[in-house]
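J.: Sharing a structure below in structure tokens format, with a few things to ask.
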Amino acid sequence: MKLNDFLSHNAIAIQCHNIPDADSLASGYGLCRYFETAGKKPLFFYGGPPITKPNLLGMIDALNIPVQHAPERKEWNGLLITVDCQHGAGNVARVAAPHVAVIDHHIQEKDLPELCDLRHWLGSCATLVWDLLRQESFPMDPHLSTALHYGLYTDTNSFSEVRHPLDRDMWDAL
């Protein structure tokens, strides 16, 4: 799967899991930036309770991450990409959509749609998104680099659980 496969869709939404963590925010932000650069206007959102952790609120503010809290959203008329989670899983608000994609690094817990990139061996979803962006030769700026790096940092217990070479490659590159 490549990110440019999604560009045929006009309406694109990127959904984090409920109560998003830094990895989910970073991953969704990377996708959001890619689609914005391609001329799309993606919706980046999450359901469940609002974010209250100071480090995440600081991350959103400092890096200008355009995530929206949308617990009332029940459907999307376009492509819905769940990031750092799997559509229909227990940690993500159920949103109906005619086209669904999954980008995740967790063990498979649901039947997956055809549009799926699941790499459970990676330490973070941020690494997966970084790799997808790298395959598209997408330029990294300081905000995006910081977000992706922080996503890896938090999901690997301050880098102590970095084991896969691709995680190390992203760590070194950013």
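The values are calculated or read from the model by the stated rules, or taken from the named source; none is laboratory data. Owing to the predicted nature of the structure, the values given are computational and were not obtained by experimental measurement. Here the Cβ is made from the backbone with ideal geometry for all residues, glycine too, and neighbour counts use every protein chain on show. To get the accessible areas, we keep the full protein, side chains included, count just its heavy atoms, and leave off ligands, DNA and RNA. Shrake-Rupley method; radii C 1.70, N 1.55, O 1.52, S 1.80 Å.
J.: How many percent of the accessible area of segment 1-110 is carbon or sulfur, using a 1.4 Å probe? Each step should come with its number before you reach the end.
T.: On the way: 2400 of 4780 Å².
Answer for segment 1-110 is 50 percent, counting heavy atoms of protein chains only.
J.: Please list, in chain and number order, the residues 5+ apart from L80 or on another chain whose amide H is under 5 Å from its amide H, with Hs placed from the backbone.
T.: Under 5 Å from the amide H of L80: A13, H99, V100, A101.
J.: Output the pairs from K2/K40; K2/K110; K40/K110; K41/K110; K53/K110 with a Cα-Cα distance over 24 Å in this structure; if there are none, say none.
T.: K40/K110; K41/K110; K53/K110
J.: Could you sort E75, E161 by accessible area so the largest value comes first, with the probe set to 1.4 Å? It would help to have the intermediate numbers written out before the result.
T.: On the way: E75 130, E161 85 Å².
Largest accessible area first, the list is E75, E161.
J.: Whenever you get a sec, line up I60, I14, I107 from highest to lowest accessible area (probe 1.4 Å, protein heavy atoms). Working shown, then result.
T.: Working: I60 35, I14 0, I107 115 Å².
Order by accessible area, largest first: I107, I60, I14.
J.: Something else: Round to the nearest 10 and report in Å² the accessible area of K2, as given by a 1.4 Å probe over the protein chains' heavy atoms.
T.: 100 Å²
J.: Okay, moving on. Tell me, what is the 1.4 Å probe accessible area of M140, in Å² to the nearest 10?
T.: M140 exposes around 60 Å² with every protein chain in place.
J.: Using a simple charge model, +1 on the beta-carbon of Lys and Arg, -1 on the beta-carbon of Asp and Glu, nothing else, what dipole does the chain show about its Cα centre, in debye to the nearest 20?
T.: Working: 13 positive and 21 negative charges, 69 e Å.
Rounded to the nearest 20 debye, it is 340 debye.
J.: For segment 57-115, what is the accessible area per residue in Å², given a 1.4 Å probe and the full set of protein chains? Don't skip to the end; give the middle numbers.
T.: Numbers: 3090 Å² over 59 residues.
Heavy-atom accessible area per residue stands at 52 Å².
J.: Consider just the alpha-carbon atoms of segment 80-124 and return their Rg together with their Dmax, both in angstrom.
T.: 9.8, 30
J.: Among F159, L7, S137, which residue has its Cα furthest toward the positive end of the charge dipole of the chain, with +1 on Lys/Arg Cβ and -1 on Asp/Glu Cβ?
T.: Of the candidates, L7 comes out farthest on the positive side.
J.: Say each of N4 and E109 gets a label point 7 Å from the Cα, pointing the same way as Cα to Cβ; how far apart are those two points in nm?
T.: Each label point lies 7 Å from its Cα, and together they span 3.5 nm.
J.: For the chain, with equal point scatterers placed on the C-alpha atoms only and solvent neglected, what are the log10 I(q)/I(0) values from the Debye formula at q = 0.10, 0.11, 0.14, 0.16 1/Å, to two decimals?
T.: Scattering profile of the chain, log10 relative to I(0): -0.32, -0.39, -0.66, -0.88.
J.: Still on this structure, please answer the following. Near the amide H of D117, under 5 Å away, which other amide H atoms are found, from residues 5 or more places off or on another chain, if H is placed in the peptide plane?
T.: Here the answer is V102, I103, D104, since their amide H atoms fall under 5 Å of that of D117.
J.: Translational diffusion coefficient, Stokes-Einstein: compute it for segment 5-63 using the Kirkwood radius over C-alpha pairs as Rh, at 10 °C and 1.306 mPa s, and state it as an integer in µm² s⁻¹. If you can, show how the numbers build up before the last one.
T.: Working: Rh = 12.2 Å.
Answer, rounded: 130 µm²/s.
J.: Work through the residues other than A26 whose Cβ is under 13 Å from its Cβ and net out their charges, Lys, Arg +1 and Asp, Glu -1. Don't skip to the end; give the middle numbers.
T.: Details: positive: R33; negative: D21, D23, D84, D155.
My count for the surroundings of A26 gives -3.
J.: Nothing charged except the Cβ atoms of Lys and Arg (+1) and of Asp and Glu (-1): what's the magnitude of the dipole of segment 113-174 about its Cα centre? Round to the nearest 20 debye.
T.: That gives a dipole near 140 debye.
J.: Where does each of 16-24, 83-91 land if you order them by average Cβ count within 10 Å, highest first? Spell out each step's value before the answer.
T.: Working: 16-24: 24.3, 83-91: 21.6.
Ranking, from highest mean packing down: 16-24, 83-91.
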